[in-house]
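Taking it in order: structure first as structure tokens, then the write-up.
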């Protein structure tokens, strides 16, 4: 008695009335819609749906109605759903207004010229967006130099703390291990010539010129750059950045500039700290394996290093700080408005930062040695 069923009312000329009753659920077998489709002769211009004793219903009813509506719409008939439950009407309306599913990747085969053209257009749009972002940063920095501070001091010192003090443990661990590795690799070769003392030269120059700035930059890129992208991306999702623009506050000056300045300030200090920890890590191998005293190892390192060499590492770390802050904030500001977009922005920020660090390090080293 609860099976889904319908009856037709064709008493009025040019109209067909379908009256639904019973329980329309997926556990039941739907009736054959053939009688309804047969009744939709060309003279019928109005199709009414109504319910009479309609019980529980789910997608079974919606599929049944949608099949009939698809046939009726091709005939350009007027459809009347006023007598159906509101939930059925809303779902049918949502189904009618939802976008069509995009074709699969395999079905959409673009030509090579089309793909190249689309890629060029994407790169052009990205270049314009990056240039605009750089211009906004420069304007915000000029306002800061002009005495107008676009951000809060406590926010800036909070970023300084997260970039500096809170990063010391991981920087200490990595720097010591890098110093140990450099010292061990050098010891294996130099012991063959009885020149163990020059391990101190190798470790000191390697840490000060390259590894101190490079390793601290990579660590900060993974720790802070990803954090910046996630923070700004989440603010994009929550429409907080749109709210700042609505209030007349520049998001670049308020959010991006303090983060970049904090990184530019703290990364050279982290580089100095990494250099010291790396040299101490190298001294562990020198003292334990090469029969060198700690004083002898440190004295040989002091004789090797010059102030100019230390300045090269600090210059690189300062540039790395700007690039990491730029990449992290850029990807965060470009983030979409979904959780998936936040994850993609975070990943892109880390990859972009590391690529910029390696490329800039190569360029700077080439010009400095020239």
How much length, in nm to one decimal, is gained on full extension between residue 366 and residue 351, taken as 0.36 nm per residue of separation minus their Cα-Cα distance? 3.1 nm
If you rank 95, 21 by fewest surrounding Cβ atoms within 10 Å, what's the result? 95, 21
Round to the nearest 10 and give me the degree value, 0 to 90, for the angle of helix 294-304's Cα axis relative to the longest principal axis of the chain. 90 degrees
Taking Cα pairs closer than 8 Å and at least 6 residues apart, the relative contact order of the stretch 5-97 in percent is 29 percent
For the chain: relative contact order, % (alpha-carbon pairs under 8 angstrom, 6 or more apart): 17 percent
What is the distance in Å between the Cα centres of the stretch 136-210 and the stretch 288-363? 7 Å
Antiparallel DSSP bridges in the chain: what percent, to the nearest 5? 30 percent
With a 10 Å radius around each residue's Cβ, average the other Cβ atoms per peptide and rank 333-344, 300-311, highest first. 333-344, 300-311
Options (i) 28; (ii) 57; (iii) 31 for percent of Cα pairs over 33 Å apart; the value derived from the coordinates is listed as (ii)
Subtract the Cα-Cα distance of residue 94 and residue 149 from 0.36 nm times their separation in residues, and report this length gain in nm to one decimal. 14.9 nm
Sum of -39500 (n - 2.57) over DSSP H runs of 4+, divided by residues of the chain (222 nm, nearest 500): -21500 deg cm²/dmol
Just to be sure I understand: of the beta bridges DSSP finds with both ends in the stretch 5-97, what percent are antiparallel, rounded to 5? 30 percent
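Assuming R0 = 35 Å, what is the FRET efficiency of residue 307 and residue 120, from their Cβ-Cβ distance, to the nearest 0.05? Spell out each step's value before the answer.
Details: r = 47 Å, r/R0 = 1.35.
Taking R0 as 35 Å, the efficiency between residue 307 and residue 120 is 0.15.
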Mind jotting down the three principal axis lengths of the stretch 104-181 based on Cα atoms? Whole angstrom, largest first. 53, 47, 24
Taking 0.36 nm per residue of separation and subtracting the Cα-Cα distance, what length does fully extending residue 11 through residue 234 add? 74.2 nm
The stretch 1-76 and the stretch 228-287: distance between their alpha carbon centers, rounded to Å: 63 Å
Test of understanding: in a Gaussian network model of the chain with alpha carbons linked when under 10 Å, which of 85, 150, 258 would top the mean-square fluctuation ranking? 85
What is the diffusion coefficient of the stretch 151-369 in µm²/s, taking the Kirkwood radius over Cα pairs and the Stokes-Einstein relation at 20 °C with a viscosity of 1.002 mPa s? 116 µm²/s
Kindly express, to the nearest 10 degrees and within the range 0 to 90, the angle between helix 153-163's C-alpha long axis and the longest C-alpha principal axis of the chain. 70 degrees
With every atom except the alpha carbons ignored, what do you get for Rg and Dmax of the stretch 5-97, in angstroms? 12.5, 36
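Rule-based calculations on the coordinates, nothing more; no lab input. Model, not experiment: these values are computed from the prediction. All Cβ positions, even for glycine, are placed from backbone atoms using ideal geometry, and neighbour counts span all protein chains on display.
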